[in-house]
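Student: Okay, handing you the structure first.
The values are calculated or read from the model by the stated rules, or taken from the named source; none is laboratory data. Small disclaimer: the values here were computed from a predicted structure and weren't measured. Note: ideal-geometry Cβ built from the backbone for every residue, glycine included; neighbour counts use all protein chains shown.
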Amino acid sequence: MEYSDRRLKNIIKKVGVSDSGINIYTFTYIMNKKKMYKGVIAQELLESEHKNAVCVSNGFYCVDYSKIDVDFSSVETT
């Protein structure tokens, strides 16, 4: 599970769409603006047929990436 709540992210940029139609983004987390990641926005999944991949932890949405066709990863920046 990864925190994927829009409220925890900065510098969100759409970079693609998965085969199943999930939007893919790069972003930084508010608490660590130096590192960029690639993944999804949990709130978008809640409005789709992939809502079963979303849970709540500490009041924020998380995503179980094993239930969708998008991988969560860090992104190399230059």
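Student: Failed condition for Asn10, given (1) surrounded by 14 or more Cβ atoms within 10 Å (Cβ to Cβ); (2) part of a strand (DSSP E or B); (3) polar (S, T, N, Q), with all others met?
Tutor: Unmet for Asn10, out of (1) surrounded by 14 or more Cβ atoms within 10 Å (Cβ to Cβ); (2) part of a strand (DSSP E or B); (3) polar (S, T, N, Q): (1).
Student: Right, something else. Select from region 29-49 the residues that are farther than 14 Å from Phe72 by Cβ and either in a strand (DSSP E or B) or not hydroxyl-bearing (Ser, Thr, Tyr) (or both) and list them in ascending order.
Tutor: Step one: list which residues in region 29-49 are farther than 14 Å from Phe72 by Cβ, which gives 30-34, 43-44, 46-49.
Listed by number, the residues that qualify are Ile30, Met31, Asn32, Lys33, Lys34, Gln43, Glu44, Leu46, Glu47, Glu49.
Student: Could you look through region 34-56, keep only residues that are charged (D, E, K, R) and touching a helix residue (DSSP H, G or I) at 6+ places or on another chain (Cβ under 9 Å), and pick out the one that is nearest to Ile11 (Cα to Cα)? Step through it out loud before you land on a result.
Tutor: Our first condition is that a residue be charged (D, E, K, R); within region 34-56, this holds for 34-35, 38, 44, 47, 49, 51.
Filter again for touching a helix residue (DSSP H, G or I) at 6+ places or on another chain (Cβ under 9 Å), leaving 44, 51.
Numbers: Glu44: 17, Lys51: 24 Å.
Across region 34-56, the extreme among qualifying residues is Glu44.
Student: For residues that are small (Gly, Ala, Ser) and surrounded by fewer than 10 Cβ atoms within 10 Å (Cβ to Cβ), scanning just region 54-72, find the one that is farthest from Val40 (Cα to Cα).
Tutor: Keep residues of region 54-72 that are small (Gly, Ala, Ser), which gives 57, 59, 66.
This time we only want the ones that are surrounded by fewer than 10 Cβ atoms within 10 Å (Cβ to Cβ), so: 59, 66.
Details: Gly59: 18, Ser66: 13 Å.
Among those that are small (Gly, Ala, Ser) and surrounded by fewer than 10 Cβ atoms within 10 Å (Cβ to Cβ), it is Gly59.
Student: Moving on to the next point. Between Met1, Met31, which is modelled with pLDDT under 95 and surrounded by 11 or more Cβ atoms within 10 Å (Cβ to Cβ)? Before the answer, list the steps.
Tutor: Details: Met31 fails: surrounded by 11 or more Cβ atoms within 10 Å (Cβ to Cβ).
Within the list Met1, Met31, the selection yields Met1.
Student: How many of the residues in region 8-42 are in contact (Cβ under 8 Å) with a residue 40 or more places away in the chain and under 11 Å from the mean Cα position of the chain (by Cα)?
Tutor: Of the residues in region 8-42, 4 are in contact (Cβ under 8 Å) with a residue 40 or more places away in the chain and under 11 Å from the mean Cα position of the chain (by Cα).
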